[in-house]
Amino acid sequence: MTNSNPQSASPVRIAVVGLGFMGVMHIRAYQKNSAAKIIAVCDSMRLPVNGILAGVKGNVGGSGDIDLGSQVKVYRALAEVLADPEVDIVDLCTPTPLHPEQAIAALKAGKYVLCEKPVARTSAAAREIVATAASAKGFLMPAMCMRFWPGWSWLRKVVQEKPYGAIKAARFRRMSEMPGWSKQGTYTSDLGGALFDLHIHDTDFVQFLFGRPQSVYSTSVTSAGGSIDHVVTQYNYPGGPAVYAEGSWLLTKGFNMAYTVHCERATIDYDLARGADALQLSEAGQEPKFIRDDSPDGYSGEINYFIECVQRRTAPQVVTVKDGQTALEICEAEEQSVKTGQVAKLA
């Protein structure tokens with residue numbers, strides 16, 4: 001992605017709302033983009049002091065080295081952000097239950113909105129966001145970072161262009177230790193647990209690659225409190241390919257993501273644990289080889305793309321507000337399958 005702006009040389013001005021782990025990851029991505037300028041941050045509890053945001057930790061780093069500058073505006077309420085005429089983009093990194101109300105308010109205020117996944121807890125709430133976005137001055141993009149992740153965005157091209165023949169089978173796997181905030185009760189069972197927080201990444205990527213499945217069948221490990229902490233789903237595509245995904249909060253320590261895709265003439269295997277050699281291609285009759293993808297990480301990729309869309313005043317196409325809704329519809333079908341033990345059909 002380029003940082004060229006066909007309409008203005010001025011950087012796009014951003015307010016990051018929610019200064020937890022995801023807020024920090026987004027801030028890092030904006031600070032790498034010369035076309036972006038963070039002019040404001042907003043959080044009801046955690047705020048920077050003289051531009052320094054301390055004490056935020058996550059599975060891929062913390063906030064200790066982030067300096068927003070002493071001129072950054074500091075707000076405690078979203079209403080203050082929306083009233084600021086200098087803010088172009090409102091980046092929502094707040095807890096999921098807040099997304100619908102905040103996203104709709106930001107759209108009605110004429111802002112461009114990047115909203116962390118999931119855009120809502122239910123597809124019904126997501127449909128309200130979609131309806132508001134349809135008539136808004138700005139637009140909203142769900143932050144589905146896997147559509148931009150190195151090795152994953154490459155796989156999308158493989159599925160579309162079929163350089164190794166048609167896809168026969170695909171498996172996706174996303175494993176994490178229990179997040180600290182879930183232990184504190186922040187993510188209760190009625191919010192879907194690992195299915196809606198973690199596994200939704202792979203559900204969305206499956207629909208990105210293959211479209212909407214006809215039905216799903218899911219099994220789970222469910223906590224005593226009703227939280228789905230581990231889920232395995234088979235996505236039904238009549239005529240193929242065979243596709244399934246596993247998402248879990250049961251990993252003892254750390255995080256990993258992986259996929260294996262079998263094509264007619266090759267097997268593609270991605271495993272984050274291999275580091276620089278994460279992506280391996282094994283073609284029929286040839287020795288396996290590692291493929292290097294030097295694209296920026298998925299957070300930077302999605303944000304660079306969104307900045308370009310705002311600069312060009314063109315609604316995003318790689319991931320749309322409607323995609324945020326349909327990912328939730330599929331996850332809801334998975335949740336239904338877990339509860340009933342039956343195949344759940346999608347309209």
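FYI, it's all coordinate maths here, none of it is from the lab. Everything numeric in this text was worked out from a predicted model, so none of it was measured. Heads up, the Cβs are rebuilt from the backbone with ideal geometry, glycines too, and the neighbour counts pull from every protein chain shown.
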Item to check | Order of Asp204, Asp277, Asp91 under a 10 Å beta carbon neighbour criterion, fewest first | outcome: Asp277, Asp204, Asp91
Item to check | Footprinting exposure proxy for Arg312, Arg156, Arg174 (fewest neighbouring C-beta atoms within 10 Å first) | outcome: Arg312, Arg156, Arg174
Next on the checklist: Angle check, please: helix 99-108 long axis (alpha carbons) against the longest principal axis of the chain (alpha carbons), in degrees 0 to 90, nearest 10.
Outcome noted: 50
Checklist entry - For Asp293, what charge total do you get from the other residues with a beta carbon under 15 Å from its beta carbon, if Lys and Arg give +1 and Asp and Glu give -1? => result +1
Checklist entry - Lysine pairs, Cα distance under 26 Å, 8 or more residues apart or cross-chain: how many in the range 71-211? => result 11
Checklist entry - Roughly how tilted is helix 321-340, in degrees to the nearest 10 and between 0 and 90, from the longest Cα axis of the chain? => result 50
Next on the checklist: How much length would be gained if the chain were fully extended between Lys289 and Ser44, taking 0.36 nm per residue of separation minus their Cα-Cα distance, in nm to one decimal?
Outcome noted: 83.3 nm
Checklist outcome for this item: Expressed in nanometres to one decimal, the distance between label points 7 Å along Cα→Cβ at Lys108 and Lys168 is 5.4
Item to check | Fluctuation leader among Ala15, Ala126, Ala273 - the chain, Gaussian network, Cα springs under 10 angstrom | outcome: Ala273
Checklist entry - Using helices alone, what [θ] at 222 nm do you get for the chain, with -39,500 (n - 2.57) per DSSP H run of 4 or more residues, divided over all residues and rounded to the nearest 500? => result -8500 deg cm²/dmol
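Please go through the range 74-107 and write out the GluC sites (Glu not before Pro) that DSSP classes as loop and that have at most 16 other C-beta atoms within 10 Å.
Here the GluC sites (Glu not before Pro) that fit, given the DSSP loop and packing criteria, are Glu86.
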Item to check | Positive minus negative residues near Met257 (Lys, Arg vs Asp, Glu; Cβ under 10 Å) | outcome: 0
Item to check | Inter-site label distance for Gln214 and Asp67 at 7 Å from Cα along Cβ, in nm | outcome: 6.0
Checklist entry - Which one of Gly247, Ser215, Gly285 has its Cα pushed farthest toward the positive end of the charge dipole of the chain, where Lys and Arg give +1 and Asp and Glu give -1 at the Cβ? => result Ser215
Next on the checklist: Show me the three semi-axes of the equivalent ellipsoid for the range 235-306, from the C-alpha gyration tensor (sqrt of 5 times each eigenvalue), largest first, rounded to whole Å.
Outcome noted: 23, 19, 16
Checklist entry - Using a simple spin-label model with points 7 Å from Cα along the Cα→Cβ vector, what separation in nm is obtained for Gln317 and Trp154? => result 2.4
Next on the checklist: With bins 5 Å wide starting at 0, give me the P(r) of the range 142-265 over every alpha carbon pair, in whole percents.
Outcome noted: 2, 10, 21, 22, 19, 13, 8, 4, 2, 0
Item to check | Per-residue Cβ neighbour rank within 10 angstrom, fewest leading, Trp154, Trp149 | outcome: Trp154, Trp149
Next on the checklist: For Cα pairs less than 8 Å apart in space and 6+ apart in sequence, what is the mean separation divided by the residue count of the chain, i.e. the relative contact order in percent?
Outcome noted: 20
Checklist outcome for this item: Helix 298-312 sits off the longest principal axis of the Cα atoms of the chain, rounded to the nearest 10 on a 0 to 90 degree scale, by 60
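Grab the other residues whose beta carbon is less than 13 angstrom from that of Lys37, score K and R as +1, D and E as -1, and report the net.
Around Lys37, the charge tally is 0.
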Item to check | Extension reserve of the Ala134-Leu346 stretch, reckoned as 0.36 nm per residue once the Cα distance is removed | outcome: 73.9 nm
